[in-house]
Amino acid sequence: MPFLKHDRITPAQVVILGFLFQILIGACLLSLPVATQSGERVPFLDALFTATSATCVTGLVIHDTALFWSPFGQGVILLLIQVGGMGVVTMAVAIFMFSGRKIGLKQRWVMQESISAPQVGGIVRMTGFILKTAFLIEAIGALLLALRFCPQFGLGKGIWYGIFHAVSAFCNAGFDLMGETGAFSSLTGYVGDPLVNLVICLLIVVGGLGFLTWHDVAAHGRHVSQYRLQSKLILLTTLALLVGGFLFFRFYEFSRPQWAALTGGERGLAALFQSVSPRTAGFNTVDLTQLSACSQLMTILLMLAGGSPGSTAGGFKTTTLAVLLLSVGAVIRRQGSARCFGRRLPDQVLRNACAIFLLYLVLFLAGGMLICCMDEIPLMQALFEAASAIGTVGLSLGATAEASEASRLILIFLM
């Protein structure tokens with residue numbers, strides 16, 4: 001990446017430019033006739049939307065991935081998901097490393113920004129660890145999913161489905177190839193399948209924990225006291241969100257009459273999946289339009305919270321949520337500053353968290369209201385699509401596929 005050497009470009013700008021460049025290349029490839037099943041050229045806005053959704057590992061789609069895109073198009077989408085999930089810079093540096101080229105200080109700074117590392121020192125080793133761990137996890141996930149998909153779809157397609165869904169889940173993308181059983185059906189055919197549910201959930205959670213948290217777990221194992229403060233905060237907040245979401249969906253939503261056809265085991269798996277997927281994967285095992293208004297709102301909140309810093313997930317991040325809650329607790333207890341695990345949180349951390357949260361809230365509400373006004377759809381549905389886009393989730397109540405061009409441009413901007 002030659003622009004990594006440009007002294008006037010900051011590391012953050014390099015990351016942004018890398019993503020924009022990838023989106024444009026992906027859109028051009030998806031615009032080719034060979035990218036569609038019909039062999040016809042897709043409108044560029046549709047290709048741009050799909051490339052943005054894949055690069056930003058969102059999962060919102062205009063066309064069903066399996067029914068509309070050819071194997072070439074699906075391959076392009078998978079590549080965009082992989083590079084987007086791991087980070088453009090991380091993948092570019094991987095090429096540098098494998099080619100034996102020397103990585104200078106400027107490139108190390110960009111790598112630090114890309115994976116949210118606390119320091120430049122050891123960043124190359126950290127990147128190598130991230131790549132090896134990510135590909136290993138994806139390979140294991142693909143193998144386990146293939147055990148289910150191969151008997152159902154045949155050997156070749158089963159392996160391809162295993163790889164595609166493992167990468168999509170680990171990168172928190174939410175793209176799926178299950179359209180052959182019903183357009184935009186996602187994983188609704190596997191609501192009671194423990195293997196598919198648990199493997200997808202684990203891939204989503206691990207991908208959303210963050211690269212630095214992986215490193216702490218690998219380096220210190222069960223000695224949690226030796227973890228970075230950020231890793232402790234991520235693990236605790238993630239556990240709280242998962243448990244809280246599961247309890248809400250299991251004992252409120254899936255006890256309602258519309259889910260009477262599900263067995264007890266299916267309700268438990270559906271509740272687990274529904275608490276995991278909004279963080280920020282975009283798969284669903286139940287019809288989201290059948291969720292109650294309260295559950296749709298809970299899903300919106302989980303989508304906005306998202307995953308963790310330096311991960312494949314989006315959202316305003318678990319650490320931001322934790323800092324805000326700790327600050328609220330400090331105010332209630334009339335303490336001078338927020339504290340976490342015996343350590344005082346600097347005021348700058350709180351200011352950053354407030355700024356990020358406010359920015360997300362303003363963009364989310366503005367986007368949802370604009371979509372509601374322009375397409376004249378219910379406000380809850382518009383807010384759901386906006387939250388899914390800005391949180392890079394991919395869950396949808398069906399409005400995205402029918403959205404106007406103006407609304408699609410808004411969703412592209414939010415992603």
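The values are calculated or read from the model by the stated rules, or taken from the named source; none is laboratory data. Everything quoted here is computed from the prediction, not taken from an experiment. We place every Cβ from the backbone using ideal geometry, glycine too, and count neighbours over all the protein chains shown. All accessible areas refer to the heavy atoms of the entire protein, side chains included, with ligands and DNA or RNA removed. Shrake-Rupley method; radii C 1.70, N 1.55, O 1.52, S 1.80 Å.
What figure in square angstrom, to the nearest 10, would you give for the accessible area of Arg256 with a 1.4 Å probe?
80 Å²
Would you check the accessible area of Cys294, probe 1.4 Å, heavy atoms only, in square angstrom rounded to 10?
Using a 1.4 Å probe on the heavy atoms, I get roughly 70 Å².
Give me the one-decimal Kirkwood hydrodynamic radius in Å for the range 290-402, with the sum taken over alpha-carbon pairs.
15.3 Å
Quick check for the chain: number of Lys pairs with alpha-carbon distance under 21 Å, counting only pairs 8 or more apart or on different chains?
Lysine pairs, 8 or more places apart or on different chains, close enough: 4.
Once the piece of chain linking Gln152 and Leu239 is laid out straight, how much longer is it, given 0.36 nm per residue of separation minus the C-alpha distance between them?
Full extension from Gln152 to Leu239 adds 27.9 nm.
Using the Karplus curve 6.51 cos²θ - 1.76 cosθ + 1.60 with θ = phi - 60°, what ³J(HN,Hα) values do you get for each residue of the range 31-38, in whole Hz, with x for Gly and Pro?
7, 6, x, 5, 7, 10, 5, 7
Going through the DSSP H helices of the chain, which span 15 Å or more along their own axis at the Cα atoms while scoring at least 0.5 as a mean Kyte-Doolittle hydropathy?
Helix filter hits for the chain: 11-30, 44-55, 71-86, 88-99, 123-153, 155-170, 194-209, 229-251, 293-305, 318-332, 347-375, 379-390.
With an 8 Å cut-off on Cα pairs and a minimum separation of 6 or more residues, tell me the relative contact order of the chain in percent.
17 percent
Residues of the range 295-369: accessible area per residue at 1.4 Å, in Å²?
Averaged over the residues of the range 295-369, the accessible area is 50 Å².
Under 18 Å from a label point 7 Å along Cα→Cβ of Arg339: give me every residue in the range 215-238 with its amide N that close.
229-230, 233
Would you work out what percent of the accessible area of the chain, with all protein chains in place, is carbon or sulfur (probe 1.4 Å)?
68 percent
How much accessible area does His215 have with a 1.4 Å probe, in Å² rounded to the nearest 10?
Near enough 60 Å² of accessible area.
Using the heavy atoms of the protein chains and a 1.4 angstrom probe, tell me the accessible area per residue for the range 161-275 in square angstrom.
With the other protein chains kept in place, the range 161-275 gives 39 Å² per residue.
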